[in-house]
Amino acid sequence: VDITKRIQTEEENMKLSFVAKNTNNGVLMLNVNREITWANTAFLERSGYSLSEIIGKNATYYLSNKNSILSNDKVILAMDKQKKVSVELVRRSKKGKEYWVDLNVQPLYDNTNKISGFMFVEFDITDRIKNEKTIQNLNVNLERLVQEKTAKNMELASSLRDQEKMVTIGELASGVAHDLNTPLG
């Protein structure tokens with residue numbers, strides 16, 4: 001029974017390993033000291049680093065980005081407390097290209113329920129963030145156009161009121177002039 005269970009566990013680990021290697025999401029495995037022990041191809045391609053460049057490096061180094069300080073702090077705090085966390089943050093590739101990820105951090109435990117490391121899974125959300133910014137810009141421009149058109153319509157309405165007043169005054173003046181020019185009847 002123990003051998004069967006061990007074989008099943010090994011088969012499950014092989015399947016999980018296959019999924020981690022072949023997913024489009026970036027995957028980093030860290031030891032308990034937060035040092036990178038493994039990265040999948042998707043992470044390496046997106047980041048521009050080779051496996052040999054990042055193995056043994058502290059993963060929190062790759063979090064440091066001035067645009068994502070609060071997110072970085074959330075990740076570090078969650079790791080300190082051995083809790084799951086998910087944050088959106090900006091990453092910078094080796095060549096300096098920025099890309100957005102939804103980073104999920106998962107603590108890993110051994111058979112004795114002792115912390116053995118962490119797993120980072122990154123979902124690339126760069127396109128979504130770009131689309132959201134485009135929509136925000138369009139909304140700002142649309143709001144500006146609405147304000148401009150409203151101001152122009154208010155100006156036109158005011159001008160029309162002034163014209164109506166002038167017409168009324170003209171009609172009154174014409175009536176008075178007519179009455180004055182007409183002999184007393």
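The GNM of the chain, with springs linking C-alpha atoms under 10 angstrom apart, assigns the highest mean-square fluctuation among 104, 137, 31 to 137. Measuring nothing but how far apart in sequence close Cα pairs (under 8 Å, 6+ apart) lie, relative to its length, the range 11-110 scores a relative contact order of 18 percent. Only Cα pairs under 8 Å and 6+ residues apart enter the sum, and on that basis the relative contact order of the chain stands at 16 percent.
A dipole drawn for the chain from +1 and -1 charges on Cβ atoms has a positive end, and of 181, 108, 125 the residue lying farthest that way is 108.
Sort 47-60, 138-151 for me by packing, meaning the mean count of neighbouring Cβ atoms within 10 Å per residue, highest on top.
By packing density, highest mean first, the sequence is 47-60, 138-151.
Comparing 101, 167, 90 in a Gaussian network model of the chain where C-alpha atoms under 10 Å apart are linked, the largest mean-square fluctuation is found at 167.
What FRET efficiency do you get for residue 2 and residue 34 if R0 is 35 Å and r is their Cβ-Cβ distance, rounded to the nearest 0.05?
Once the sixth-power term is evaluated, E becomes 0.55.
Calculated [222 nm] ellipticity per residue, helices only, for the chain: -18500 deg cm²/dmol; basis is -39500 (n - 2.57) per DSSP H run with n ≥ 4, divided by all residues, nearest 500. Computed over the chain, the quotient of the alpha carbon radius of gyration and 2.2 N^0.38 Å is 2.15. Assign unit charges at the C-beta atoms only (+1 for Lys and Arg, -1 for Asp and Glu), then state the dipole size of the chain relative to its Cα centre in Debye, rounded to the nearest 20. So the magnitude is around 840 debye. Listed by chain and number, the lysines whose C-alpha is less than 25 Å from the C-alpha of residue 81, apart from same-chain residues fewer than 8 away, are 57, 66, 114. For the chain, with all protein chains in place and a probe radius of 1.4 Å, 56% of the accessible heavy-atom surface sits on carbon or sulfur.
The values are calculated or read from the model by the stated rules, or taken from the named source; none is laboratory data. Quick caveat, the model's predicted, so the values are computed rather than measured. We place every Cβ from the backbone using ideal geometry, glycine too, and count neighbours over all the protein chains shown. Heads up: the accessible areas ignore ligands, DNA and RNA and are worked out on the full protein's heavy atoms, side chains in. Shrake-Rupley method; radii C 1.70, N 1.55, O 1.52, S 1.80 Å.
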